[in-house]
Amino acid sequence: MSPAAPAYLRLVRTSGWYDLVVTAGFATPWTYALVHRLLSAAGDAAGLGTMPALTPMQTLYANLMGSVVVVWSLLRVLRPVPEHGLLDGVARVLFSLWQAYALAHGGPAVLWPFLVVEMSFGAAQLLPWAWAVRTAAGRKSVRQP
């Protein structure tokens, strides 16, 4: 699949929908309090641990992240272009790093499913770019003596 293929643009749009559904609840203090309770209950029920106690600063950072991701998600849903997939893939690598860092430092295991999805979407959106660069480099080396 090339980054310009219709299937790639569907992937970019799908990742936007996923992010919109998963992060919309983080965008306001009221919805984040509900999401926090739900994640804690789900983590507790699944034996993955609960979320840390809700604090004003945690809520602020969750709201900032949620607001930015909602806007970024809407852009990918409404206007998916190959470059949005590339940038989203890079962002997912960063999100994966920070989630892994949190897990390595005692973060709740409820982060694991989110980490798996981040890594999967990141790889799916970045691999076509890596393949395109590799293919272009191969063509260039064939042409040059």
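The values are calculated or read from the model by the stated rules, or taken from the named source; none is laboratory data. Given the structure is predicted, the values throughout are model-derived calculations rather than measurements. Every residue, glycine as well, gets a Cβ built from its backbone with ideal geometry; the counts of neighbours run over all protein chains shown. Just so you know, the surface numbers come from the protein's heavy atoms only, side chains and all, with ligands and any DNA or RNA stripped out. Shrake-Rupley method; radii C 1.70, N 1.55, O 1.52, S 1.80 Å.
Worth a mention:
- Residue that is least open to solvent (accessible area, probe 1.4 Å) [pool: residues in region 11-59 that are hydroxyl-bearing (Ser, Thr, Tyr) and modelled with pLDDT under 95]: Ser40
- Considering region 95-113, the residues that are assigned to a helix (DSSP H, G or I) and small (Gly, Ala, Ser) include one that is least open to solvent (accessible area, probe 1.4 Å), namely Ser96.
- Sole exception among (1) surrounded by fewer than 17 Cβ atoms within 10 Å (Cβ to Cβ); (2) β-branched (Val, Ile, Thr); (3) under 18 Å from Gly66 (Cβ atoms) for Val116, by number: (3)
Quick grid of which residues meet (1) touching a Ser or Thr at 6+ places or on another chain (Cβ under 6 Å); (2) at positive phi; (3) free of Cβ contacts under 8 Å to residues at least 60 places away in the same chain:
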{"residue": "Thr14", "(1), (2), (3)": "no, no, yes"}
{"residue": "Ala46", "(1), (2), (3)": "no, no, no"}
{"residue": "Met51", "(1), (2), (3)": "yes, no, yes"}
{"residue": "Leu54", "(1), (2), (3)": "no, no, yes"}
{"residue": "Ala62", "(1), (2), (3)": "no, no, yes"}
{"residue": "Ala102", "(1), (2), (3)": "no, no, yes"}
{"residue": "Leu111", "(1), (2), (3)": "no, no, yes"}
